[in-house]
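Accompanying notes for the structure given below.
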């Protein structure tokens, strides 16, 4: 018997960041705590920009330019980097159990491999040849056409996100984003237009967003040997959505969590296999008084808290930093990162703190 997944599909209107992200956060909750089968959410946002869970929003965005242009900004619950969203970019949220048959094991990396196969298959249906480029991009001839994100903070379920570029506004991206030199130099490119592509650019035609959604839906069905039942959130899910909108996505404390640290903190910025890593550090004598770990990486809130707490009020000497990190470190605490690399970024922040 073919398994049936639920499909929340919105082709009638683009939604606010609060609504779209709140529905997505409800998906793994419903799978984990409400007995739902996996749920796929396909939709589009109004013009907006969304930072990853661990990013410093004031460092990532020119908020004055966002406000001047009427661009919504918000923070999602999954890791990764900043994404520009709008009516011609497919937003995808998936809630699924981490041990679902056909889903690769091995943490975030395994999830990305499974979901990448779906998106590569969707692009193939549209006539575009692509491949998965770790850590989290789908690329066409070296150019990004989709970015992947995930989090597993909800029991045995995870939330997977992607932004699927049917069309894209490069000028908007360059106007509202603060992009560090380390990020711009990634892959040897120094302008966004050479690093990104879209479905319409690759096909040379104005393909409807609905066609891209249909291709994604059919690719999921093929990859997991399932079929979809179009559905809407039930009453339990609607209450969860309202709660997420109120307590998270319209809450300034959530949007500006990982607040821009005070000026007297040294900054260590490092481009790593895990993504752009930013360490903010202040010293009290030879001890670490305060430490913040931010960036466009993938982790869990618990893991980041454990790493930060392992270093507060400890010696700032290199060997002690490594020793204290190693005491709490587990594989893929930050996906793609290791203790020596994290230590290097911390020492860079320490050096900059000393120079202040």
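Rundown of residues vs (1) farther than 30 Å from residue 140 by Cβ; (2) modelled with pLDDT under 95; (3) under 23 Å from the mean Cα position of the chain (by Cα), yes/no style:
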{"site": "211", "(1), (2), (3)": "no, no, no"}
{"site": "215", "(1), (2), (3)": "no, no, yes"}
{"site": "227", "(1), (2), (3)": "no, no, no"}
{"site": "233", "(1), (2), (3)": "yes, no, no"}
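Yes/no per residue for (1) under 23 Å from residue 178 (Cβ atoms); (2) modelled with pLDDT of 95 or more:
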site: 255; (1), (2): yes, yes
site: 260; (1), (2): yes, no
site: 268; (1), (2): yes, no
site: 271; (1), (2): yes, no
site: 298; (1), (2): yes, no
site: 323; (1), (2): no, yes
site: 352; (1), (2): yes, no
site: 356; (1), (2): yes, no
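Here is a yes/no grid of residues against (1) assigned to a strand (DSSP E or B); (2) over 30 Å from residue 291 (Cα atoms); (3) in contact (Cβ under 8 Å) with a residue 24 or more places away in the chain; (4) not assigned by TED's automatic domain parsing to the domain that holds residue 304:
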| residue | (1), (2), (3), (4) |
| --- | --- |
| 30 | no, yes, yes, yes |
| 36 | no, yes, yes, yes |
| 54 | no, no, yes, yes |
| 59 | no, no, yes, yes |
| 79 | no, no, yes, yes |
| 91 | yes, yes, yes, yes |
| 96 | yes, yes, yes, yes |
| 108 | no, no, yes, yes |
Q) Counting just the residues of region 20-42 that are over 22 Å from residue 119 (Cα atoms) and in contact with a helix residue (DSSP H, G or I) (Cβ under 7 Å, 6 or more places away or on another chain), which one comes out surrounded by the most Cβ atoms within 10 Å (Cβ to Cβ)? A) 26
Q) Does residue 45 satisfy the criteria of being over 13 Å from the mean Cα position of the chain (by Cα), at pLDDT 95 or above and either buried (at least 21 other Cβ atoms within 10 Å of the Cβ) or within 13 Å of residue 162 (Cβ to Cβ) (or both)? A) yes
Q: Starting from residues that are part of a loop (DSSP other than H, G, I, E, B) and over 19 Å from residue 122 (Cα atoms), keep the ones in region 142-161 and report whichever is modelled with the lowest pLDDT.
A: 155
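The rows are residues; the columns are (1) surrounded by 15 or more Cβ atoms within 10 Å (Cβ to Cβ); (2) more than 21 Å from the chain's Cα centre (by Cα).
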{"residue": "230", "(1), (2)": "no, yes"}
{"residue": "247", "(1), (2)": "no, no"}
{"residue": "253", "(1), (2)": "no, no"}
{"residue": "274", "(1), (2)": "yes, no"}
Q | Hits in region 285-298 - residues which are in contact (Cβ under 8 Å) with a residue 24 or more places away in the chain and either exposed (fewer than 14 other Cβ atoms within 10 Å of the Cβ) or farther than 21 Å from residue 77 by Cα (or both) | A | 286, 287, 288, 289, 290, 291
Q: Tell me which residues, restricted to region 64-77, are touching a residue at least 24 places away in the same chain (Cβ under 8 Å) and either farther than 20 Å from residue 10 by Cα or under 13 Å from the mean Cα position of the chain (by Cα) (or both).
A: 65, 66, 69, 71, 73, 74, 75, 76, 77
**Q.** Whichever residue in region 1-17 is in contact with a strand residue (DSSP E or B) (Cβ under 7 Å, 6 or more places away or on another chain) and not in a strand (DSSP E or B) and, among such residues, is surrounded by the most Cβ atoms within 10 Å (Cβ to Cβ)
**A.** 17
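The values are calculated or read from the model by the stated rules, or taken from the named source; none is laboratory data. A quick note: this is a predicted structure, and the numbers were derived from the prediction, not measured. Don't worry about glycine lacking a Cβ; one is built from the backbone with ideal geometry, like all the others, and counts go over all protein chains shown.
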